[in-house]
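Trainee: Sharing a structure with you now.
The values are calculated or read from the model by the stated rules, or taken from the named source; none is laboratory data. Computed from a predicted model, the values in this text were never measured in an experiment. No Cβ is skipped: glycine too gets one built from the backbone with ideal geometry, and neighbour counts run over all protein chains shown.
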Amino acid sequence: MVMEFFKGGSDKTLEEIESLIVQMIQDNRHTFDLAINALLGGTDAAVVGTEVKESDKRVNRAEREVRRRLIVHAAIAGERVDLTRVLISMSVIKDAERVGDQCKNIWDLADEGIDLSSADDLPWLLGLREQTSRFLSESSRIYQERDIEAAHQLIAEMDDAQGRFDECVAEQLKSTAAASEAVSRALLCRYLKRITGHLMNVITALVMPLERLDYYDEKKADRE
């Protein structure tokens, strides 16, 4: 298992780093819930805007803190440092931070005046909301508990969702609906796809070697 890096509990620094990464994912879920409810639930984007931005800033600060701690840890450990494990953590925090960026992009749609709370396809959109919120919640739990079996199951589910998001974008490109409707849905599906993709990269740290951590960034047909 790749994440033996954190197993054993003998290194307080690495335990704290793991906790920070888990907190980043949890903060991202909070940002997502606020943002998507502004888009789909009728919540005033301006009312939740400050909290969305603060949550995103917490994630950004955590990314910098994890990097700093990893650098210090590597310097202190010297020749004893496991460079592979450090690089894995650097990759994970990059993806965790980018999840937050995509969540904030969803809020930006609402802040620009897009309101899908009365859309004809609202039940479908709400299904996407619930699915993505669950992906965030499960990713946090799986990463924290190092649940390998659940990691494989969630990766497969998220991989299938990636394909459906691509289909959504393709459908909107051919849509005859008003540009504001088609563009907003295409962007939403794109942002949800990127959230899902970055979460997959985080979870693959539990089950794949370093050189294959971003394996799921490519479409299925393009993977080697």
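Trainee: Can you find even one residue in segment 91-102 that is touching a Phe, Trp or Tyr at 6+ places or on another chain (Cβ under 6 Å) and modelled with pLDDT of 95 or more? Full working, then the answer.
Mentor: Start the filter on segment 91-102 by keeping residues that are touching a Phe, Trp or Tyr at 6+ places or on another chain (Cβ under 6 Å), which leaves 102.
Then keep just the ones that are modelled with pLDDT of 95 or more; that gives 102.
The answer is yes; a qualifying residue exists.
Trainee: Oh, and also: Could you list, in sequence order, all residues of segment 111-153 that are part of a helix (DSSP H, G or I) and free of Cβ contacts under 8 Å to residues at least 24 places away in the same chain?
Mentor: Filtering segment 111-153 down to residues part of a helix (DSSP H, G or I) leaves 111, 122-145, 148-153.
Scanning segment 111-153 gives 123, 124, 127, 130, 134, 138, 141, 145, 149, 150, 153.
Trainee: Next question, about the same structure. Exactly one condition in (1) at pLDDT below 95; (2) surrounded by fewer than 16 Cβ atoms within 10 Å (Cβ to Cβ); (3) in a helix (DSSP H, G or I); (4) over 21 Å from the mean Cα position of the chain (by Cα) is not met by residue 163; state its number.
Mentor: Tallying (1) at pLDDT below 95; (2) surrounded by fewer than 16 Cβ atoms within 10 Å (Cβ to Cβ); (3) in a helix (DSSP H, G or I); (4) over 21 Å from the mean Cα position of the chain (by Cα), residue 163 fails exactly one: (4).
Trainee: Identify, by number, the condition in (1) in contact with an Asp or Glu (Cβ under 8 Å, 6 or more places away or on another chain); (2) more than 21 Å from residue 155 (Cβ to Cβ); (3) buried (at least 19 other Cβ atoms within 10 Å of the Cβ) that residue 103 doesn't meet.
Mentor: Unmet for residue 103, out of (1) in contact with an Asp or Glu (Cβ under 8 Å, 6 or more places away or on another chain); (2) more than 21 Å from residue 155 (Cβ to Cβ); (3) buried (at least 19 other Cβ atoms within 10 Å of the Cβ): (2).
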